[in-house]
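Just below is one structure, and these are the notes that go with it.
The values are calculated or read from the model by the stated rules, or taken from the named source; none is laboratory data. The shown structure was predicted, so the numbers you read here are calculated from the model rather than taken from an experiment. Methodologically, a virtual Cβ is constructed for each residue, glycine included, from the backbone with ideal geometry; neighbour enumeration extends over all protein chains shown.
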Amino acid sequence: MTQIQELDHVGVMVADLEAAGAFLAGTFGLELDREADVPSLDVRARFYRAGPVMIEIFQPNDPTVAERELGGQLAKVEHIALRVGSLDAAIRELGEQGVRFKHDEPVVTGPNLSTYTVPETAAGMIFQLFAPREG
């Protein structure tokens, strides 16, 4: 069984990172925890703390990707991020159960290595599974 350590964050793709951030901070009073450029995924992201879990808002750097994925919406929940004990073990165990992943190899996401499930093989959802990079 895959060792899930915790729900880390919910990832929301947004059409306008500034407007979405202003809403989270101004309306809900959420504190900006960190910002990141993620070249491996070609997005800009901000993480807002909401108790023990974070809300990640991210905007693709390529506006055509945002237009295609959002379909005219301002935002959509895109993934659920789970921290795992061993990313390699999680990939192997889930793969044995028929789950496929968007990338052939884990991608660098800040201090972590991550993989994302193909929704058609994961009950229609995208899960980001991640663990800290070693070394």
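General observations
- Inter-residue pairs, beta-carbon under 6 Å, first on the phi < 0 side of the Ramachandran plot and in region 42-60, second assigned to a loop (DSSP other than H, G, I, E, B), 6+ apart: 48/30; 50/30
For every residue, the table says whether it meets (1) among the charged types (D, E, K, R); (2) modelled with pLDDT of 95 or more; (3) not in a strand (DSSP E or B).
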| position | (1), (2), (3) |
| --- | --- |
| 21 | no, yes, yes |
| 25 | no, yes, yes |
| 46 | yes, yes, no |
| 73 | no, yes, yes |
| 81 | no, yes, no |
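- Of the candidates 20, 90, the single residue that is touching a Ser or Thr at 6+ places or on another chain (Cβ under 9 Å) and in contact (Cβ under 8 Å) with a residue 40 or more places away in the chain is 90.
- Any chance residue 29 is loosely packed, with under 14 Cβ neighbours inside 10 Å, in a loop (DSSP other than H, G, I, E, B) and modelled with pLDDT of 95 or more: yes
- Residue in region 35-42 that is under 18 Å from residue 111 (Cβ atoms), surrounded by 14 or more Cβ atoms within 10 Å (Cβ to Cβ), of a type in the set (Asp, Glu) and in contact with a strand residue (DSSP E or B) (Cβ under 7 Å, 6 or more places away or on another chain) present: no
- Checking each residue in region 43-89 for being surrounded by fewer than 18 Cβ atoms within 10 Å (Cβ to Cβ), under 20 Å from residue 114 (Cβ atoms) and of a type in the set (Ser, Thr, Tyr) picks out only 86.
- So residue 1, is it in contact (Cβ under 8 Å) with a residue 40 or more places away in the chain, exposed (fewer than 12 other Cβ atoms within 10 Å of the Cβ) and closer than 23 Å to residue 120 by Cα: yes
- Selection count where residues are out of contact with any helix residue (DSSP H, G or I) (no Cβ under 8 Å at 6 or more places or on another chain), of a type outside the set (Phe, Trp, Tyr) and surrounded by 15 or more Cβ atoms within 10 Å (Cβ to Cβ), scope region 90-118: 8
- So residue 28, is it closer than 13 Å to residue 9 by Cα and free of Cβ contacts under 8 Å to residues at least 60 places away in the same chain: no
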